Amino acid sequence: MRERILAPSILSADFANLGSDILRVVDAGAKYLHIDVMDGMFVPTISYGMPIIKSIRKVTNITFDVHLMIVEPERYIGVFREIGADLITVHIETLSEPEKTLKTIRGFGAKVGLSLNPETPVEKIFPYLDLVDMVMVMTVRPGIGGQKYIHECTPKVEAVAAELKARGLDEKVDIEVDGGIDDTTIDEALNAGANIIVAGTAVFGGDIEGNAKKLLSHF
Ligand code: DX5
Ligand code: ZN
């Protein structure tokens, strides 16, 4: 079975205490830090970008899972890698030449992630499964933290898991779920085959260590 990993999303963190709050999730056992970059174009909101990533790279060696919700992401892959992204995920909806962009990410030495929005048919990503290390299934509309998990997306996780298995890629490619994961929805995602679990509000809202440990207890 793939290793199960908790990836707290700093979108819901208190930015006035970002460094110390990140150390809290690392201490609690998170293995990835999920970093949402939004441009106000692909999604309506703008989050944060390079300077924040550069600063937090100094406080921890944890794997930086950078989720690019931006148009023409190929423009910035080199710079995100340079400032410390370990895994770079792009959205299929933003790619005019998916194969080229995914190979560019690999060329810069980062792990390669491919994401799809709730309304995008899962088959859209199937041609590219050989080129990725991770598939991210969005389980909310991208752009905002704290939304409700969309249960209709769970069959997409199952479909990705089945397709990876059929193609002998199940040991090689991780499945991440992003959006609306909390104590009540995490089991549904894990049972469907997801092994990397993003959680923003459910980790950074309140008692950070306690929240992270509670989610990890489901693994
Ligand atoms: C949404 C982001 C998510 C977000 C998840 O566009 O991609 O990573 O931080 O937040 P929660 O866990 O609060 O739904
Ligand atoms: Zn995200």
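On a straight-distance basis, which lysines could pair with Lys172 in a cross-link, Cα separation under 19 angstrom, same-chain partners fewer than 8 positions away excluded?
Lys31, Lys103, Lys111, Lys156
Compute the length gained on full extension between Ser96 and Glu171: take 0.36 nm times their separation in residues and subtract their Cα-Cα distance, giving the result in nm to one decimal. Don't skip to the end; give the middle numbers.
Numbers: separation 75, 0.36 × 75 = 27.00 nm, distance 2.84 nm.
Gain in length upon complete extension: 24.2 nm.
Springs between alpha-carbon atoms under 10 Å, Gaussian network over the chain: tell me which of Ile83, Ile35, Ile70 tops the mean-square fluctuations.
The residue with the greatest mean-square fluctuation here is Ile83.
Determine the sum of side-chain charges near Glu93: Lys and Arg each +1, Asp and Glu each -1, restricted to other residues whose C-beta is under 15 angstrom from that of Glu93.
Counting the neighbours of Glu93, the net charge comes to -4.
In whole angstrom, and with the biggest value first, how far do the Cα coordinates of segment 5-216 range along each principal axis?
Computed over segment 5-216, the largest-to-smallest principal extents equal 41, 36, 32 Å.
Around Cys153, under 13 Å between beta carbons, what's the net of Lys plus Arg minus Asp minus Glu among the other residues? Present the calculation step by step, with values, prior to reporting the outcome.
Numbers: positive: Arg141, Lys148, Lys156; negative: Glu119, Glu152, Glu158, Glu176, Asp178, Glu188.
Overall, the nearby charge balance is -3.
Report the gain in length on full extension from Glu158 to Thr120: 0.36 nm times residue separation, minus Cα-Cα distance, nm rounded to one decimal. List each step's numbers first, then the result.
Working: separation 38, 0.36 × 38 = 13.68 nm, distance 1.51 nm.
So the extension gain works out to 12.2 nm.
For Met1 and Ser217 in the same chain, what is the full-extension length gain: residue separation times 0.36 nm, less their Cα-Cα distance, in nm?
Full-extension gain reported as 76.0 nm.
From Cα pairs below 8 angstrom and at least 6 apart in sequence, can you work out the relative contact order of segment 114-219, rounded to a whole percent?
Here the relative contact order equals 25 percent.
Within 11 Å, Cβ to Cβ, of Gly49, how many net charges do the neighbouring residues add up to if Lys/Arg are +1 and Asp/Glu are -1?
So the surrounding residues net to -1.
Skip the ligands, DNA and RNA, and give the accessible area per residue of segment 1-46 with a 1.4 Å probe, whole Å².
Dividing the accessible area of segment 1-46 by its residue count gives 45 Å².
The values are calculated or read from the model by the stated rules, or taken from the named source; none is laboratory data. All figures in this text were calculated on a predicted structure; none of them were measured in a lab. Here Cβ is always computed from backbone atoms with ideal geometry, including for glycine, and neighbour counts include all displayed protein chains. Accessible surface is based on the protein model in full, side chains and every heavy atom, while ligands, DNA and RNA are left aside. Shrake-Rupley method; radii C 1.70, N 1.55, O 1.52, S 1.80 Å.
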